[in-house]
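The structure appears right after this line, and notes come after that.
The values are calculated or read from the model by the stated rules, or taken from the named source; none is laboratory data. Every value quoted in this text rests on a predicted model; they were computed, and no experiment measured them. Neighbour counts run over all protein chains shown; Cβ positions are idealised from the backbone, glycine included. Surface accessibility is based on the protein's heavy atoms, side chains included, excluding ligands, DNA and RNA. Shrake-Rupley method; radii C 1.70, N 1.55, O 1.52, S 1.80 Å.
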Amino acid sequence: MTAKRGRPRSFDREAALVQATMLFWRHGFEGTSITDLTGAMGVSPPSLYAAFGDKRALFAEVVERYGATFGAFMGVALAEEEDARAAFARILREAAVNYTDPAHPAGCLVISAATNCTPQTADIEGELRERRVANVRVFEDRLTEARARGQLPEGAEPRALAVYFAAVVQGLSQQARDGATEGELGRVAELAMAVWPGV
C-alpha cells in the first residue's frame, strides 16, 4: 500500500515572495492591496494566508528578505573593506547602481515603503524607521572604530558623519525614485565623499 503524501503547494513560495517584494517596493505597504498581491503572486487569498499569514506578516517577511538580498550591499561593504573611507565610498557607489537598476523598482524599499502610512499602520512605519535608525548606529560604530584606528582624526564626530552618510543614502534613494540616472547618482556619491575628514 502506498503511503499518502502531503498535498504539494500549488505555487512556488519563493517566486511568490519575489512578486510581493516588487509590489511593496513599488507601491508601499498602504498602496498594495491583497487583490494586487494575489494577482501578482498567482495565489488565491486562502493560499496567501495559509503560506504567509496576513498582509502585515507577508510584508515583514518581504522586509527581511529585502535586507538579506537587495539591501545587503551596505553590510557587505562594511565587512569587506578594511579602510573605513573605502567602505563608505563603496556604499554610496553601490547605492547609485542598485537604486537605479531597471531590474527592480527604483530606490530602497525600507526607505520608501512606509511613506504614506495611516495611523492604523503606524507600527509598520515605526518598524521601518527602527531599521533605518539601526543602520545609523552601525555606521556610527564603524566610524568610531575608524577613529580609534587612526582612519579618522581625533576631532572627527562619528555620530554626525553617520547621520550624514545615512542622509546621503536616503537622498540617493529618493532621487532614484524621481528619475535620476546611475551616472548622476554616482557623481553625487563622489561629491559626498569630499567631506571625509583628513587624518
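Helix-only mean residue ellipticity at 222 nm, the chain, DSSP H runs n ≥ 4 weighted -39,500 (n - 2.57), per residue, nearest 500. What is it? Mind showing how you got there, number by number?
Details: 10 runs with 130 residues, N = 199.
That calculation yields -20500 deg cm²/dmol at 222 nm.
On average, how much area does the Cα convex hull of the range 122-170 cover when viewed from any direction, in nm²?
Values: hull surface 13.6 nm².
One quarter of the hull surface, i.e. the mean projection, equals 3.4 nm².
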Nearest-10 value in Å² for the accessible area of Met74, using the 1.4 Å probe: 30
Normalised per residue, the volume of the convex hull around the Cα set of the chain (Å³): 146
Mean Cβ count within 10 Å, highest first, over the residues of peptides 128-135, 13-20: 13-20, 128-135
Thr35 accessible area, 1.4 Å probe, all protein chains in place, Å² to nearest 10: 110
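Checking the a/c ratio against 1.5 first, then a/b against b/c, what shape does the Cα gyration tensor give for the range 115-198?
Numbers: a/c = 3.79, a/b = 1.36, b/c = 2.79.
Taking the square roots of the gyration eigenvalues as a ≥ b ≥ c, the range 115-198 is oblate.
Give the shape of the range 94-141 as rounded, prolate or oblate, defined through the alpha-carbon gyration tensor: a ≥ b ≥ c are the square roots of its eigenvalues, a/c under 1.5 means rounded, and otherwise the shape is prolate if a/b is larger than b/c and oblate if not. Please report the intermediate quantities before stating the final value.
Values: a/c = 4.24, a/b = 1.22, b/c = 3.48.
Because a/c hits 1.5 or more and a/b fails to exceed b/c, the range 94-141 counts as oblate.
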Three-way shape call for the range 68-160 based on the alpha-carbon gyration tensor, with the a/c threshold at 1.5: oblate
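Please give the per residue accessible area of the range 43-199, computed with a probe of 1.4 Å over protein heavy atoms only, in Å².
Numbers: 7720 Å² over 157 residues.
Ligands and nucleic acids excluded, the figure is 49 Å² per residue.
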Of all accessible heavy-atom area on the range 60-199, the percent that carbon and sulfur account for (1.4 Å): 52
Whole-angstrom gap from the range 132-191 to the range 54-105, using each part's C-alpha centre: 13
Computed accessible area, Trp25, all protein chains, 1.4 angstrom probe, square angstrom: 0
Peptide ranges 89-96, 53-60, 139-146 listed from the most packed, as the mean C-beta count within 10 angstrom indicates: 89-96, 139-146, 53-60
Length-normalised contact order of the chain in % [C-alpha pairs under 8 Å, at least 6 apart]: 24
